[in-house]
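The values are calculated or read from the model by the stated rules, or taken from the named source; none is laboratory data. Please read these numbers as outputs of a predicted model, since none were measured by experiment. Methodologically, a virtual Cβ is constructed for each residue, glycine included, from the backbone with ideal geometry; neighbour enumeration extends over all protein chains shown.
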Amino acid sequence: MRALTNTILSGGPIVVVLIVLSLGSIALILVKIAQLRGVTGGDARRSAAIGAWANGDRHAAIKALEGAASPADRIAQAAMQGLDRGRARAPLEAELEWRGNVELAALQRHIRLLELVAMISPLLGLLGTVLGMIEAFQELALAEGAANASLLAGGIWQALLTTAAGLLVAIPAAVAASLLSEKVDRAAGKIEVSVGQLFSGHDGAG
């Protein structure tokens, strides 16, 4: 454990910053995974509700989507309630659009932070490497004729440590941001499909 601590500290303050970024991104990834759980589900429930709506059983259709967990369920229920109250299609579609935007904004929140971590971590690692190399060659210059290969090698590996640390932080953050964004996109697609099916009168079976 002490050897690991010494190795980390040898990378300088930039490695400490990268460790903080890593811990923060891991916590954020776990929070987003929990938040996005189930946002693309509920297909069978929506299909049954839209089918009931198409068959004229509006009360059963609206009731089927009560307590819905996914954004598509909530938007579909809002659309049904608006149509049931006799609202005109144009203003109802405008309301559903902003409701959908609100839902998606909540799902997308903080994903940009992961993208930022993925972008700046390699740059911080590179900065640490450059600074470390400068320091290593300064020590080499000061040593003059007493310099040896081990002195230079030690400075170089400590400098390269920050590049490795930057990549180790950036790769998981980039992968997580991509996967989470893709899940949000799928949730948005399900919103559009459910509202489209409702307005067109299809039951979604096909």
Next item on the list: Answer yes or no as to whether LEU28 is out of contact with any strand residue (DSSP E or B) (no Cβ under 8 Å at 6 or more places or on another chain) and buried (at least 17 other Cβ atoms within 10 Å of the Cβ).
Entry: yes
Notebook entry, point to check: Got at least one residue in the range 139-149 being polar (S, T, N, Q) and part of a helix (DSSP H, G or I)?
Noted result: no
Notebook entry, point to check: Taking the range 65-80 on its own, how many of its residues are closer than 19 Å to SER200 by Cα and at pLDDT below 90?
Noted result: 1
Check: For the range 1-119, which helices (runs of 4 or more DSSP H) that fit wholly inside it have 1 or more residues that are touching a Leu at 6+ places or on another chain (Cβ under 6 Å) and either of a type in the set (Phe, Trp, Tyr) or over 16 Å from GLY196 (Cα atoms) (or both)?
Finding: 13-35
Note to self: Among the residues of the range 82-90, are any free of Cβ contacts under 8 Å to residues at least 24 places away in the same chain, among the small types (Gly, Ala, Ser) and touching a helix residue (DSSP H, G or I) at 6+ places or on another chain (Cβ under 8 Å)?
What the structure shows: yes
